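Here the structure is laid out as structure tokens; the discussion comes afterwards.
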Amino acid sequence: MNAAHLPAHSPSNVTHVDGPLAGIRVLDLTSVVLGPMCTQVLADFGADVVKIEAPEGDMMRSNGVSRHPGMSSIYLALNRNKRSVVLDLKSEPGRQALTKLLASADVFVHNMRVPAIEKLGFGYEAARAINPHLVYCAATGFGQDGPDRHRPAFDDIIQASCGLVAINGIDHDEPEFTGSLIADKTTGMAAANAILAALLYRERSGQGQYVEVPMLETMTSFMLAEHLGPMTFPGADGEPGYARLLRGGRRPARTRDGWVCMLPYTERHWYSFFAMAGRSDLFERYDVGNRHSRNANIRQIYDALRAITLTKTTAEWLAICAEIDIPVTPIYALEALPAHPHLKAVGLFEETVHPSEGVIRQMRPTARFGLTPLRIRRHAPSLGEHTNEVLCEAGIDVGTCPK
């Protein structure tokens, strides 16, 4: 971030550090997507994240597109700014090493089932005995006080369990998954938030604590924020679900030469849109000026919008909507995102040289901090790349430590 983008109240002579979490040590015993998403947030924020991997490595090293085995596109996207240490926790030396690392850690996070981590000897009580100031986060599939607490959970299972698959099936022939690992990634972000809150509490009180972030509860709460509907009021009639979103007719609209996503939202938006199209009669016909009537007629209103958008090209609609301040965008395919004018202008995509993978494209950390700016400090590590380095720092003799 250059000086022009710093807030006016930021002192110009401050010494910048790499993120607000610089100096925080995180032991990351997670794999796949949920956990690595969580710990990458912490790593991007400046924490020293030590990724503890079994000898076979995180299974996500093999999923996605790869130039070389063990360094897939998905792994590269979720594990920057971390160090990789290989420990066989089924062996006594591996468990002893993790015990030593825990003693000086600030955060320990895992996404294993609780009986499995306890069998290894690193459940919460055992970890607290090693380090009472530890923030210990278990990212579970299901809350540990419920009957499903020991069931395995993956993104598909949680999408189906939280209502998302059912919603995606509305007006379709069959239920459908969302085309993104949304349960894993959303819960990963929630876990990062929970860890940050626990670190703040520890800063104020000096006390570490146990933090549990279950996928099903997190995603159900996430889904029902807008879809709880009449279930908000026990005994009320009606189906849950935000009807204006689910059955209100919102969907991309065809233009003369393609598609556009347009969202007239306010009374002023709709009036301007219909007036521009020479169809002010529709504003009166559907009583758009009355919010309740507008909601009741919203499907017919969007049908009218889609009939109108057919009359002009996508470029023409983008210009018109910009003039009358209606939210609008063309539809971007995945391959078009690096050239998205806004994303290109803000430098979201960065090309760097990875030691084993050569030139790779990745996304920079998206949050902006005026005094503790974020950056990509480390490439996503090869399996066990930092084992000796980290163990030597902990005082564990691996035979190659500097004297």
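The values are calculated or read from the model by the stated rules, or taken from the named source; none is laboratory data. The shown structure was predicted, so the numbers you read here are calculated from the model rather than taken from an experiment. Note: ideal-geometry Cβ built from the backbone for every residue, glycine included; neighbour counts use all protein chains shown.
When the residues of the stretch 157-208 are narrowed to those that are polar (S, T, N, Q) and outside any helix (DSSP H, G or I), which ends up surrounded by the most Cβ atoms within 10 Å (Cβ to Cβ)?
This residue is Thr178.
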*Out of all the residues in the stretch 361-369, is one or more touching a helix residue (DSSP H, G or I) at 6+ places or on another chain (Cβ under 9 Å) and exposed (fewer than 11 other Cβ atoms within 10 Å of the Cβ)?*
yes
*For the stretch 133-156, name all the residues that are buried (at least 19 other Cβ atoms within 10 Å of the Cβ) and not in a helix (DSSP H, G or I).*
Leu134, Val135, Tyr136, Cys137, Ala138, Ala139, Thr140, Gly141, Phe142, Ala153
*What pairs come up if the first residue lies in the stretch 39-64 and is closer than 22 Å to Arg377 by Cβ, the second is of a type in the set (Val, Ile, Thr) and in a helix (DSSP H, G or I), and their beta carbons are under 7 Å apart, counting only those six or more places apart or on different chains?*
Leu42/Ile195; Val49/Thr39; Val50/Val390; Met60/Ile74
*Say we look at the stretch 202-238 and pick out the residues that are β-branched (Val, Ile, Thr) and within 26 Å of Gly35 (Cα to Cα); which of these is farthest from the chain's Cα centre (by Cα)?*
Val211
_Can you pull out every residue in the stretch 133-147 that is within 23 Å of Arg202 (Cα to Cα) and either of a type in the set (Asp, Glu) or outside the structural domain of Ser205 (by TED's automatic domain parsing) (or both)?_
none
*Would you pick out the residues in the stretch 294-314 that are without any contact (Cβ under 8 Å) to a residue 24 or more places away in the chain and more than 18 Å from Leu245 (Cβ to Cβ)?*
Ala307
*Report the residue count in the stretch 333-356 for those that are surrounded by 13 or more Cβ atoms within 10 Å (Cβ to Cβ) and more than 18 Å from Ala77 (Cβ to Cβ).*
0
*Kindly indicate whether any position in the stretch 306-314 is among the charged types (D, E, K, R), more than 19 Å from Arg83 (Cβ to Cβ) and loosely packed, with under 15 Cβ neighbours inside 10 Å.*
no
*Is there a residue being in contact (Cβ under 8 Å) with a residue 40 or more places away in the chain, surrounded by fewer than 13 Cβ atoms within 10 Å (Cβ to Cβ) and in contact with a His (Cβ under 9 Å, 6 or more places away or on another chain) anywhere in the stretch 225-243?*
no
*Would you point out which residue out of Phe283, Phe349 is among the aromatic types (Phe, Trp, Tyr) and more than 30 Å from Arg247 (Cβ to Cβ)?*
Phe349
*Write out, first by first residue and then by second, each pair whose Cβ atoms fall under 7 Å of each other, whose residues are 6+ apart or on separate chains, and whose first residue, in the stretch 341-360, is in contact (Cβ under 8 Å) with a residue 60 or more places away in the chain while the second is surrounded by 10 or more Cβ atoms within 10 Å (Cβ to Cβ) and part of a loop (DSSP other than H, G, I, E, B).*
His354/His379; Ser356/His68; Ser356/Met71; Ser356/Ser382; Glu357/Arg67; Glu357/His68; Glu357/Met71
